[in-house]
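The values are calculated or read from the model by the stated rules, or taken from the named source; none is laboratory data. Only a predicted model underlies this, so the values are computations on that prediction, with no experimental measurement involved. With ideal geometry, Cβ positions are generated from the backbone for all residues, glycine too; neighbour counts draw on all protein chains shown.
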Amino acid sequence: MHEKNFLVFGAPQIEEDEIAEVIASMRSGWLGTGPKVARFEADFAAYKGIPFTAAVNSCTAALHLSILAAGLGRGDEVITTALTFCATINAIIHSGATPVLADVDPHTMNIDPEDIERRITPQTRAIVPVHFAGRPCDMNLIMKIAARHRLKVIEDCAHAIETEYQGRKAGTFGDFGCFSFYVTKNIVTGEGGMVVARESDDIARVKTLALHGLSQDAWSRFRDAEYTHYFVTECGFKYNMMDIQAAMGIHQLKRIEKCWRRREAIWQQYNQAFNTLPITIPESIAPHTRHAYHLYTILLDAQKTDMSRDDFLRAMTAANIGVGVHYFSIPEHPYYQETYGWRPEDYPHAMQIGRQTVSLPISPKLTDEDVNNVIQAVTHLIIQ
């Protein structure tokens, strides 16, 4: 394998505008939370059409703070999907609440609303739907369930910046929406996240919790105005975003539609190329929805392909193409088995997807040659 020719999975597209903005931040001397964070929050609020936003240092932090701001804690149950990254579950655990898993729809790979309903108990206080791969969950049904049982809804939108459901943007249905700007995401700040909320008091508490529980953030205290003392109003965390991160996000957000169109084009090329292969390609996009095209996941059944998923992963890597696994189901992991007694077999759809899934490169950074190389490698391995 020649590293210089290796196609890195999820490689970000970084252009001169964000490089120049980061340099400007460094020259200004303002590296921490400051004017660029405020600008990024305002720009993201405008993009989502929602007034209240808080930039933080990861989507994990966004989820943790949203759960706390929703008033959830010890003794409360929070239902989420069995097919997600561990951060979704860990944020619930760190809040003191108890995670409860629901299985997924085998076609959309999103949380199954009917299974949510089955998992509700007198202790249930919230639902955390995950818009997996950028496909929106069935928010109409989920919000009806939440209203009927008086539950909070915290949307995990780590994959879903551009996602829409019936004309509304992901993250604006629930009480909170949580976004990721990790290096592989559709907007990149290296590390970073954002909370959006419907209520100003909720975002005010998120911002307080994100910076040690201080009554004033750094920008308010150190701008060119009269010095303002701060007070610690509760025990918070160190979850704030830095200006040098927001400097990237400002320009990444400006190009989001252009990048989304490139992802869509790659998605369609993959669909056309793989449609006749003995693999499962992503479900068609539902009417009146918008997919963020964050992950392009195929499922490999060894009985149909004569190749196991792990053999395929190794072969693609040997062909200098980076691939991912999104994800093993949560009950596959030893910690959750030992702590909660979860078994993969109890969530059969999530288990099957987790054991067969492969995510292919779909970054807007990919050239036409890169895309053709992926297509040729997959086709060769499947039909050899």
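Annotations
- Selection status of residue 349, in contact with a strand residue (DSSP E or B) (Cβ under 6 Å, 6 or more places away or on another chain) and part of a helix (DSSP H, G or I): yes
- Any hit, the range 350-363, residues being over 16 Å from residue 107 (Cα atoms) and over 21 Å from the mean Cα position of the chain (by Cα): no
- Top-ranked residue of the range 362-384 - restricted to ones that are in a loop (DSSP other than H, G, I, E, B) and out of contact with any strand residue (DSSP E or B) (no Cβ under 6 Å at 6 or more places or on another chain), ranked as farthest from residue 185 (Cα to Cα): 384
- Some residue of the range 276-293 being within 19 Å of residue 106 (Cα to Cα) and outside any loop (DSSP other than H, G, I, E, B): yes
- Close Cβ contacts (under 9 Å, 6 or more residues apart or on different chains) running from residues in the range 32-44 that are more than 12 Å from residue 249 (Cβ to Cβ) to residues that are polar (S, T, N, Q) and in a helix (DSSP H, G or I) comprise 34/25; 34/28; 35/28.
- Qualifying residue in the range 110-125 (condition: buried (at least 24 other Cβ atoms within 10 Å of the Cβ), within 27 Å of residue 335 (Cβ to Cβ) and either in contact with a Leu (Cβ under 9 Å, 6 or more places away or on another chain) or modelled with pLDDT under 95 (or both)): yes
- Filter result for residue 328 (more than 18 Å from residue 85 (Cα to Cα) and surrounded by 15 or more Cβ atoms within 10 Å (Cβ to Cβ)): no
- Some residue of the range 331-338 being within 30 Å of residue 93 (Cβ to Cβ), touching a residue at least 12 places away in the same chain (Cβ under 8 Å) and part of a strand (DSSP E or B): no
- Qualifying residues in the range 303-314 (those that are free of Cβ contacts under 8 Å to residues at least 12 places away in the same chain and more than 14 Å from residue 354 (Cα to Cα)) - the one surrounded by the most Cβ atoms within 10 Å (Cβ to Cβ): 311
- Meets criteria (assigned to a loop (DSSP other than H, G, I, E, B), out of contact with any Pro (no Cβ under 9 Å at 6 or more places or on another chain) and closer than 26 Å to residue 328 by Cβ) for residue 10: no
- Residue within the range 67-81 that is in a helix (DSSP H, G or I) and free of Cβ contacts under 8 Å to residues at least 40 places away in the same chain present: no
- Residue in the range 360-381 that is buried (at least 18 other Cβ atoms within 10 Å of the Cβ), more than 30 Å from residue 14 (Cα to Cα), in contact (Cβ under 8 Å) with a residue 12 or more places away in the chain and β-branched (Val, Ile, Thr) present: no
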